[in-house]
1. Just a yes or no: is a residue in the range 176-196 of a type in the set (Ser, Thr, Tyr) and either over 20 Å from Glu122 (Cβ atoms) or outside any strand (DSSP E or B) (or both)?
2. For the range 46-69, give me each residue that is more than 16 Å from the ligand (Cβ to nearest atom) and among the aliphatic types (A, V, I, L, M).
3. In the list Glu133, Glu146, Glu150, which residue meets the criterion of being of a type outside the set (Lys, Arg), part of a strand (DSSP E or B), over 20 Å from Pro48 (Cα atoms) and modelled with pLDDT of 95 or more?
4. When you look at Asp94, is it among the acidic types (Asp, Glu) and either surrounded by 16 or more Cβ atoms within 10 Å (Cβ to Cβ) or under 26 Å from Ser25 (Cβ atoms) (or both), yes or no?
5. I want to confirm something. Restricting to the range 10-41 and keeping residues that are β-branched (Val, Ile, Thr) and over 22 Å from Asp90 (Cβ atoms), which single residue is farthest from the ligand (Cβ to nearest atom)?
6. In the range 130-156, what residues are more than 14 Å from the ligand (Cβ to nearest atom), among the aliphatic types (A, V, I, L, M) and either in contact with a His (Cβ under 6 Å, 6 or more places away or on another chain) or without any contact (Cβ under 8 Å) to a residue 60 or more places away in the chain (or both)?
7. Contact list please: Cβ distance under 6 Å, first residue in the range 10-31 and without any contact (Cβ under 8 Å) to a residue 40 or more places away in the chain and under 26 Å from Thr53 (Cβ atoms), second residue part of a helix (DSSP H, G or I) and of a type outside the set (Ser, Thr, Tyr), pairs at least six apart or on different chains.
8. Please enumerate the residues belonging to the range 94-119 that are farther than 15 Å from Leu72 by Cβ, in contact with a Pro (Cβ under 9 Å, 6 or more places away or on another chain) and of a type outside the set (Gly, Ala, Ser).
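The values are calculated or read from the model by the stated rules, or taken from the named source; none is laboratory data. These numbers come from a predicted model, not from an experiment. So basically every Cβ, Gly included, is an ideal-geometry build from the backbone, and we count neighbours across all protein chains shown.
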Amino acid sequence: MKAHPTIGVLAVQGDVREHLRALESAGADAIAVRRPSEVEAIDGLVIPGGESTTMDKLCRIFELRDPLVERLRAGMPAYGSCAGMIMLADRILDGHRDQQTLGGLDITVRRNAFGRQVHSFEDDLRIRELGPEPVRAVFIRAPWVEEVGEGVQVLASVHVGGADHPVAVRQGNLLATSFHPEVTGDHRVHAFFADVVRRA
Ligand code: GLN
């Protein structure tokens, strides 16, 4: 088990720096990933928030898509936040017509699920895996999980419009949150993911 695994942050678009900092504080060696050779060098990957349609296009232009898909299929641990959750999802609702994801997580996500008028909001979530203290969850034009496959564990949900919508899920080495833990200074999600990478 590597004490300091190398964890990449996909750095084509989005809030990369905050994730690099959070990963470093979780004991990982964090690197920005912009080239196929960097995809080979990492033990795990974080896909940040941003805009999933742009990230999808840039991954294809920078020739990162195929190596990323290959490593994800081979079991590389990955954590996606917000747009990153969309990138890891097998299925999208309300995506652009030609939008592709990297996939791996057996979930259906709905983009901008909380509605246009709700640009952003915050909530306190209890996530048992992260301890008794609630997690301050910041949602920014966030997706939610509409459907989960059998192997997917729901870690947290938000109650909206009379229904529970999952906003944090795990399937083996893949983890995704609709919210942005990198902006709050609470690095428990990153620490949890770094442990997933150490054990992988
Ligand atoms: N709405 C964005 C998308 O569809 C995600 C927003 C975010 O990552 N903060 O990609």
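1. First, the residues of the range 176-196 that are of a type in the set (Ser, Thr, Tyr): 177-178, 184.
Filter once more, so that each one left must be either over 20 Å from Glu122 (Cβ atoms) or outside any strand (DSSP E or B) (or both): 178, 184.
So far as the range 176-196 goes, yes, one or more of its residues are of a type in the set (Ser, Thr, Tyr) and either over 20 Å from Glu122 (Cβ atoms) or outside any strand (DSSP E or B) (or both).
2. Residues satisfying the conditions are Ile61, Leu64, Leu68, Val69.
3. Details: Glu133 fails: part of a strand (DSSP E or B); Glu150 fails: part of a strand (DSSP E or B).
Being of a type outside the set (Lys, Arg), part of a strand (DSSP E or B), over 20 Å from Pro48 (Cα atoms) and modelled with pLDDT of 95 or more holds for just one of Glu133, Glu146, Glu150, which is Glu146.
4. Working: among the acidic types (Asp, Glu): yes; either surrounded by 16 or more Cβ atoms within 10 Å (Cβ to Cβ) or under 26 Å from Ser25 (Cβ atoms) (or both): no.
It is false that Asp94 is among the acidic types (Asp, Glu) and either surrounded by 16 or more Cβ atoms within 10 Å (Cβ to Cβ) or under 26 Å from Ser25 (Cβ atoms) (or both).
5. Of the residues in the range 10-41, the ones β-branched (Val, Ile, Thr) are 12, 16, 31, 33, 39.
Filter once more, keeping what is over 22 Å from Asp90 (Cβ atoms): 16, 31.
Working: Val16: 12, Ile31: 21 Å.
Ranking the qualifying residues of the range 10-41, first place goes to Ile31.
6. Answer for the range 130-156, where residues must be more than 14 Å from the ligand (Cβ to nearest atom), among the aliphatic types (A, V, I, L, M) and either in contact with a His (Cβ under 6 Å, 6 or more places away or on another chain) or without any contact (Cβ under 8 Å) to a residue 60 or more places away in the chain (or both): Val135, Val148, Val152, Val154, Leu155, Ala156.
7. Ala30/Leu20; Ala30/Leu23; Ala30/Glu24
8. Restricting attention to the range 94-119, the residues satisfying the condition of being farther than 15 Å from Leu72 by Cβ are 94-99, 108-119.
Next, from what is left, pick out any that are in contact with a Pro (Cβ under 9 Å, 6 or more places away or on another chain): 94, 109-114.
The answer is Asp94, Val109, Arg110, Arg111, Asn112, Phe114.
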